[in-house]
Amino acid sequence: MSPSMIALVVEEENKKYQRGVKHLCDNGLTEVPTKYIWPEPDRPIFTKPDKLIEPKQNLKLPIIDVAELLGPNRSHVLRTIAEACENYGFFQVVNHGMEGDVSRYMIEVCKRFFELPYEERSKYMTSDMSAPVRYGTSFNQSKDNIFCWRDFLKLSAHPLPDYFPYWPSSPSDFRSLAAIYAKETKEMFDLMVKAILESLEIDGEGDKAAEELKEGSQLVVVNCYPPCPQPELTLGMPPHSDYGFVTLLLQDDVEGLQIMYRDEWVTVDPIPGSFVVNVGDHLEIFSNGRYKSVLHRVLVNSTKPRISVASLHSFPLTSVVKPSPKLTDEHNPPQYMDTDFATFLQYISSREPKWKNFLESRKIHHIR
């Protein structure tokens, strides 16, 4: 076969994968294509010469009860938040007021969206990272050398009236249910920010960062992980940290989220009706490294589809993110360079995103 013919075959193969794993599965798939097979050390289960390496037992994250946070035990809950952000980078929130229909309906309507014919879903497929709605696959399908076993739908959500008209109109109740969900997660974020700032001993009243976060960005990311015929060979998402201030994650009852804890991958026990909250890169920068954004990844399985909905919140896209002046002084100088969303987009559009590489690129290395 001539080089030009080989190039055409490769291009056609890549087009097939660009349509996503749901499309592949709907057309029948009995083994994982090479494009999705990760190098052996990066797989969920792999064999070393002397032993089989398997994930550790499930991890129970610190639990924050909103009823307690708003009650007389607030100071104790704030200490728990501080310890969770310092030691885990994650915690789970219960009694948040969204345990009922809002969360359940959001998971259900998202399932129905991914069950639509590919031709309907593909209307929203674009490589434009600034698009108000973006359907795609893998982690960054235009840059990934190895694909992940994930399809996604990303919805810009704040200010809601600006973006609502662009959201999918099918299923017919998608917009209305997603709008309620986006509004209520924004309110939860505002509550969490106030508590997180207080745990850092920052008074949110009149604080410039707190005011910016109230009007900040919100991106709702729906993740679909179809059953995988060989889940031990691939990942739903690769190790990464979230670029933002805080992420609120709603999961169905299928486990899959893993975090890096004490240099080991551990699976997070999903608590029905809870939200997983994690520290983003912006909060690590803002706290001058006191609170850490932690690497996490997603496993897939061979029997059950999994849906999760992440609501990513941060400063407005035009803001400059930097260590809070209230947390720095001559004895504790800034550990990170000022950054903004444009710098981030330029970085990830020029290379394959890996681990915490972008955040590492913003660190200041002081000479002592």
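The values are calculated or read from the model by the stated rules, or taken from the named source; none is laboratory data. This one's a predicted model, so the numbers in the text were calculated from it and none came from an experiment. Backbone-built Cβ (ideal geometry, glycine too); neighbour counts: all protein chains shown. Side chains included, ligands, DNA and RNA excluded: accessible areas come from the protein's heavy atoms. Shrake-Rupley method; radii C 1.70, N 1.55, O 1.52, S 1.80 Å.
The table for this structure:
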{"read-out": "Whole-Hz ³J(HN,Hα) from phi, Karplus 6.51 cos²θ - 1.76 cosθ + 1.60, for the stretch 22-35, glycine and proline x", "value": "4, 5, 4, 5, 5, 9, x, 8, 10, 8, 6, x, 3, 4"}
{"read-out": "Probe 1.4 Å, protein heavy atoms only - accessible area per residue of the chain in square angstrom", "value": "48"}
{"read-out": "Percent accessible area from carbon and sulfur atoms, the chain, protein chains only, probe 1.4 Å", "value": "52"}
{"read-out": "Spatial separation of Cα centroids for the stretch 274-320 and the stretch 104-165, in angstrom", "value": "17"}
{"read-out": "23 Å Cα-Cα reach of Lys123 towards lysines, excluding residues that sit fewer than 8 places from it in its own chain", "value": "Lys15, Lys16, Lys22, Lys111, Lys143, Lys154"}
{"read-out": "Amide H partners (placed H, <5 Å) of Arg306, local residues excluded", "value": "Tyr225"}
{"read-out": "Gaussian network model of the chain, Cα within-10 Å springs - most flexible of Ala342, Ala178, Ala131", "value": "Ala342"}
{"read-out": "Gain in span if fully extended, Lys326 to Asn145, counting 0.36 nm per residue against the direct Cα distance", "value": "61.0 nm"}
{"read-out": "In Hz, Karplus ³J(HN,Hα) per residue of the stretch 159-168 (6.51, -1.76, 1.60; θ = phi - 60°; x = Gly, Pro)", "value": "x, 4, x, 6, 10, 3, x, 8, 5, x"}
{"read-out": "Sparse-neighbour loop sites [GluC sites (Glu not before Pro); the stretch 78-146; at most 14 other C-beta within 10 Å; DSSP]", "value": "Glu99, Glu115"}
{"read-out": "Table column - 3J(HN,Hα) (Hz), the stretch 227-232, Karplus curve with 6.51, -1.76, 1.60, x for Gly and Pro", "value": "x, 10, x, 9, x, 6"}
{"read-out": "Separation in nanometres of the label points that stand 7 Å from Cα toward Cβ, at Tyr166 and Lys363", "value": "3.5"}
{"read-out": "Fraction of alpha-carbon pairs over 37 Å apart in the chain - percent", "value": "19"}
{"read-out": "The chain, relative contact order in percent, only Cα pairs under 8 angstrom and at least six apart counted", "value": "20"}
{"read-out": "Length released on extending from Asp253 to Ile271, taking residue separation times 0.36 nm less the Cα-Cα span", "value": "5.7 nm"}
